[in-house]
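For reference, the structure is listed below as structure tokens.
The values are calculated or read from the model by the stated rules, or taken from the named source; none is laboratory data. Predicted model, so just to flag it, every value in this text is computed and none were measured. Heads up, the Cβs are rebuilt from the backbone with ideal geometry, glycines too, and the neighbour counts pull from every protein chain shown. The protein model used for the area step is the full one, side chains on, heavy atoms only, and it has no ligands, DNA or RNA in it. Shrake-Rupley method; radii C 1.70, N 1.55, O 1.52, S 1.80 Å.
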Amino acid sequence: MASTSYQESRTRLETYFDKTARKAWEDLTSDVPVSGIRATVRAGRDAMRDLLLSSLPTDMHGMRLLDAGCGTGALAIAAAERGADVVAIDVSQGLIDVAQKRAPKDLPIDWRVGDMRNRDLGLFDHIVAMDSLIHYDLHDVMGVLHAWSARANEIAFTFAPSTTLLKIMHATGKAFPRNDRSPAIKPIAEHRLKQEIQADMNDWTVDFSQRISSGFYKSQAMGISRA
């Protein structure tokens with residue numbers, strides 16, 4: 001059962017993306033000109049998406065992938081183009097609408113609006129979550145990973161690394177207009193996350209951990225798999 005903090009975070013994200021910043025994120029994830037701050041975020045997100053995609057097989061025919069927190073769909077589309085049968089889910093109906101509009105109609109992508117923990121989504125070969133867990137604390141991140149561990153053999157996700165610089169930049173970001181900043185992120189120390197995975201998911205191993213830093217974009221990717 002999801003914690004109260006998890007449900008509260010989902011509600012805030014849904015409100016933000018559907019009512020406050022849909023247009024801003026539609027622009028950010030396109031090729032239209034954006035401000036200098038957003039340009040660094042766009043570059044960072046592009047680099048992170050490439051990193052996560054590099055952890056997946058180049059030929060994914062016959063494989064099923066969950067893109068958890070798919071946003072406007074760039075990663076889901078790339079995985080489907082490799083042959084994967086993709087389920088792409090997001091809390092925001094607005095972002096899913098943008099993703100569906102952008103995606104080629106012949107790609108096998110099942111677009112959903114809902115909870116990325118939903119058991120009814122089924123079993124997967126791979127689960128990828130790009131910047132969808134950065135708004136949750138360590139307890140809730142582990143709850144999501146534990147739920148996914150029963151339904152996949154490989155998981156690649158990102159979290160907000162706990163660094164002094166990120167905390168300063170996050171505090172500074174509150175000075176910008178509302179739709180220029182994302183909902184509150186919750187930094188997590190890498191060593192604590194690894195400890196929790198080893199303690200709570202002892203049949204899983206950490207395969208890689210790599211940080212992407214681009215101006216105001218700071219995020220860390222981690223890949224784990226069943227031993």
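If we scan region 29-39, do we find a residue that is aliphatic (A, V, I, L, M), in contact with a Cys (Cβ under 6 Å, 6 or more places away or on another chain) and open to solvent by less than 60 Å² (accessible area, probe 1.4 Å)? Talk me through it step by step, then tell me what you get.
Step one: list which residues in region 29-39 are aliphatic (A, V, I, L, M), which gives 32, 34, 37, 39.
Applying the additional criterion that residues be in contact with a Cys (Cβ under 6 Å, 6 or more places away or on another chain) yields none.
Looking through region 29-39, none of the residues is aliphatic (A, V, I, L, M), in contact with a Cys (Cβ under 6 Å, 6 or more places away or on another chain) and open to solvent by less than 60 Å² (accessible area, probe 1.4 Å).
Scan region 127-155 for residues that are within 18 Å of Glu14 (Cβ to Cβ), of a type in the set (A, V, I, L, M, F, W, C) and outside any loop (DSSP other than H, G, I, E, B) and jot them down.
The answer is Ala129, Val144.
From the list Thr164, Thr158, Thr205, exactly one residue is modelled with pLDDT of 95 or more and exposed (fewer than 14 other Cβ atoms within 10 Å of the Cβ). Which is it? Working first, answer last.
Working: Thr164 fails: modelled with pLDDT of 95 or more; Thr158 fails: exposed (fewer than 14 other Cβ atoms within 10 Å of the Cβ).
Exactly one residue qualifies, and that residue is Thr205.
Sort out which residues of region 70-82 are open to solvent by less than 20 Å² (accessible area, probe 1.4 Å) and of a type outside the set (A, V, I, L, M), and write them in order of number.
Answer for region 70-82, where residues must be open to solvent by less than 20 Å² (accessible area, probe 1.4 Å) and of a type outside the set (A, V, I, L, M): Cys70, Gly71, Thr72, Gly73.
Suppose we keep only residues that are of a type outside the set (Lys, Arg) and open to solvent by 50 Å² or more (accessible area, probe 1.4 Å) within region 1-25. Which one would you say is nearest to Asp131 (Cα to Cα)? Even if it seems obvious, please write down each step before you answer.
Taking region 1-25 first, the residues of a type outside the set (Lys, Arg) are 1-9, 11, 13-18, 20-21, 24-25.
When the remaining residues are screened for being open to solvent by 50 Å² or more (accessible area, probe 1.4 Å), the result is 1, 4, 7-8, 11, 14-15, 18.
Numbers: Met1: 22, Thr4: 21, Gln7: 17, Glu8: 17, Thr11: 16, Glu14: 15, Thr15: 17, Asp18: 17 Å.
Among them, the one singled out is Glu14.
Do you know which of the residues in region 1-29 that are among the polar types (S, T, N, Q) and in contact (Cβ under 8 Å) with a residue 40 or more places away in the chain is farthest from Gly114 (Cα to Cα)? Break it down stepwise before answering.
So the first thing to find is which residues in region 1-29 are among the polar types (S, T, N, Q), and the list is 3-5, 7, 9, 11, 15, 20, 29.
Now drop any that are not in contact (Cβ under 8 Å) with a residue 40 or more places away in the chain, which leaves 3, 5, 9, 20, 29.
Details: Ser3: 16, Ser5: 17, Ser9: 13, Thr20: 19, Thr29: 21 Å.
Out of the qualifying residues, it is Thr29.
Need pairs with beta-carbon distance below 8 Å; first residue closer than 18 Å to Asp131 by Cα and open to solvent by 60 Å² or more (accessible area, probe 1.4 Å) and within region 86-114, second β-branched (Val, Ile, Thr) and modelled with pLDDT of 95 or more; sequence gap 6+ or separate chains.
Close Cβ pairs satisfying both conditions: Gln93/Val113; Arg112/Val87; Arg112/Ile89; Arg112/Ile96; Val113/Ile89; Val113/Val91; Val113/Ile96.
When you look at Ala47, is it on the phi < 0 side of the Ramachandran plot, in contact (Cβ under 8 Å) with a residue 60 or more places away in the chain and of a type outside the set (Ser, Thr, Tyr), yes or no?
Details: on the phi < 0 side of the Ramachandran plot: yes; in contact (Cβ under 8 Å) with a residue 60 or more places away in the chain: yes; of a type outside the set (Ser, Thr, Tyr): yes.
Considered against the rule, which asks whether it is on the phi < 0 side of the Ramachandran plot, in contact (Cβ under 8 Å) with a residue 60 or more places away in the chain and of a type outside the set (Ser, Thr, Tyr), Ala47 comes out as yes.
Quick check: anything in region 175-182 at pLDDT below 80, outside any loop (DSSP other than H, G, I, E, B) and not charged (D, E, K, R)? Can you show your working first?
First pass over region 175-182, keeping only residues at pLDDT below 80: 175-182.
After this cut, where a residue has to be outside any loop (DSSP other than H, G, I, E, B) as well, the list is 178-180.
This time we only want the ones that are not charged (D, E, K, R), so: 179.
Yes, some residue in region 175-182 is at pLDDT below 80, outside any loop (DSSP other than H, G, I, E, B) and not charged (D, E, K, R).
Residue check, Glu81 against (1) out of contact with any Cys (no Cβ under 9 Å at 6 or more places or on another chain); (2) within 19 Å of Val113 (Cβ to Cβ); (3) of a type in the set (Asp, Glu), all met but one. Which one?
Tallying (1) out of contact with any Cys (no Cβ under 9 Å at 6 or more places or on another chain); (2) within 19 Å of Val113 (Cβ to Cβ); (3) of a type in the set (Asp, Glu), Glu81 fails exactly one: (2).
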